[in-house]
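The values are calculated or read from the model by the stated rules, or taken from the named source; none is laboratory data. Since the structure is predicted, the reported quantities are computational estimates derived from the model, not experimental observations. When we count neighbours, we look across all protein chains shown, and the Cβ atoms used for this are built from the backbone with ideal geometry, even at glycine.
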Amino acid sequence: MDNFKLRHICVFSIKKFMKSRKNIVFIGMMGSGKTSIGRLISKKLKLDFFDVDNYIENKLNLRIAKIFKEKGEKFFREFEEKSTLEILKKSNIVISLGGGAFLNNKVRDEILINHISFWLKWETDTIIKRIKNSQKRPLASKLSKEQLMNLIKKRSNIYAKAMYTLNCDDLSKNEIINEILKKYETKKTNN
Ligand code: S3P
């Protein structure tokens, strides 16, 4: 075999190998179950799990609500971008994003180009019921119901760019998990 052919085969194999090391990324509104579903999926696939909010809290040794209160949202968003891109550099892991992270252009482009993303989509009312009085979520607690509805509507157009959308309202937790695993396996074997 000549050198050219050999080099071609090597490049092809490396690209294929790199492609198969994509991460699974969960996106969606606060209260959509990104963390609990992400953790369950990581267990099923025996992959490491990273929750970005949790990662930020550990790095700063502060709860999210406190970060918003003491350092402000701008600081949080910059730290969130940096932390999310840092985690995305790892391979073959499962990641749950904070609800606002996918709105960031750099984070979104990286996810759309290099990873497998799932939007956990719920009816607006379901989300509002879950988050309205959450003390853990500074953004949700300061907005009225109408403002939250607008936020969900605006964000949904962006979440919809994810590779897969799961309409979760009509599914049990087990069905959500199975649906994700099915889509993930199909995606992996087709690459
Ligand atoms: C936010 C969602 C939160 C957290 C922060 C801001 C948002 O994460 O990052 O409170 O802008 O939607 P969860 O989606 O995990 O609650």
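Tallying residues that are surrounded by fewer than 21 Cβ atoms within 10 Å (Cβ to Cβ) and of a type in the set (A, V, I, L, M) within region 113-130 yields 3. The residue list ILE95, ILE111, ILE127, ILE87 contains one member that is β-branched (Val, Ile, Thr), within 20 Å of LEU181 (Cα to Cα), out of contact with any His (no Cβ under 9 Å at 6 or more places or on another chain) and touching a residue at least 12 places away in the same chain (Cβ under 8 Å), which is ILE111. Across region 131-150, the qualifying residues are those that are in contact (Cβ under 8 Å) with a residue 60 or more places away in the chain and near the ligand (Cβ under 10 Å from one of its atoms), and the one among them that is nearest to SER32 (Cα to Cα) is ILE131.
For every residue, the table says whether it meets (1) in contact with an Asp or Glu (Cβ under 8 Å, 6 or more places away or on another chain); (2) among the β-branched types (Val, Ile, Thr); (3) at pLDDT 95 or above.
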| residue | (1), (2), (3) |
| --- | --- |
| ILE9 | no, yes, no |
| LYS15 | no, no, no |
| LYS43 | no, no, yes |
| LEU85 | yes, no, yes |
| GLY99 | no, no, yes |
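I'd like the residue in region 88-118 that is among the β-branched types (Val, Ile, Thr) and part of a helix (DSSP H, G or I) and, out of all such residues, is nearest to the ligand (Cβ to nearest atom). Filtering region 88-118 for residues that are among the β-branched types (Val, Ile, Thr) and part of a helix (DSSP H, G or I), the one nearest to the ligand (Cβ to nearest atom) comes out as VAL107. The single condition from (1) surrounded by 15 or more Cβ atoms within 10 Å (Cβ to Cβ); (2) within 21 Å of CYS168 (Cβ to Cβ); (3) among the small types (Gly, Ala, Ser) that SER134 fails is (1). For LYS43, state whether it is closer than 26 Å to GLN135 by Cβ and either free of Cβ contacts under 8 Å to residues at least 40 places away in the same chain or over 16 Å from the mean Cα position of the chain (by Cα) (or both). Here the answer is no, as LYS43 does not meet what is asked. Applying the criterion of at least 1 residues that are farther than 24 Å from LYS44 by Cβ and out of contact with any Asp or Glu (no Cβ under 7 Å at 6 or more places or on another chain) to the helices (runs of 4 or more DSSP H) found wholly in region 119-191 leaves 124-131, 138-142, 145-159. Is it the case, given these coordinates, that GLU81 is away from the ligand (no atom under 15 Å from the Cβ), more than 14 Å from GLY28 (Cβ to Cβ) and part of a helix (DSSP H, G or I)? Considered against the rule, which asks whether it is away from the ligand (no atom under 15 Å from the Cβ), more than 14 Å from GLY28 (Cβ to Cβ) and part of a helix (DSSP H, G or I), GLU81 comes out as no. Can you confirm whether region 68-78 contains a residue that is under 25 Å from THR165 (Cβ atoms) and either basic (Lys, Arg) or within 12 Å of the ligand (Cβ to nearest atom) (or both)? Within region 68-78 (the criterion being under 25 Å from THR165 (Cβ atoms) and either basic (Lys, Arg) or within 12 Å of the ligand (Cβ to nearest atom) (or both)), the answer is yes, since at least one residue qualifies.
Within region 162-185, the set of residues being surrounded by 13 or more Cβ atoms within 10 Å (Cβ to Cβ), more than 15 Å from SER96 (Cβ to Cβ), out of contact with any Ser or Thr (no Cβ under 9 Å at 6 or more places or on another chain) and free of Cβ contacts under 8 Å to residues at least 60 places away in the same chain comprises THR165, ASN167, LEU171, ASN178, GLU179.
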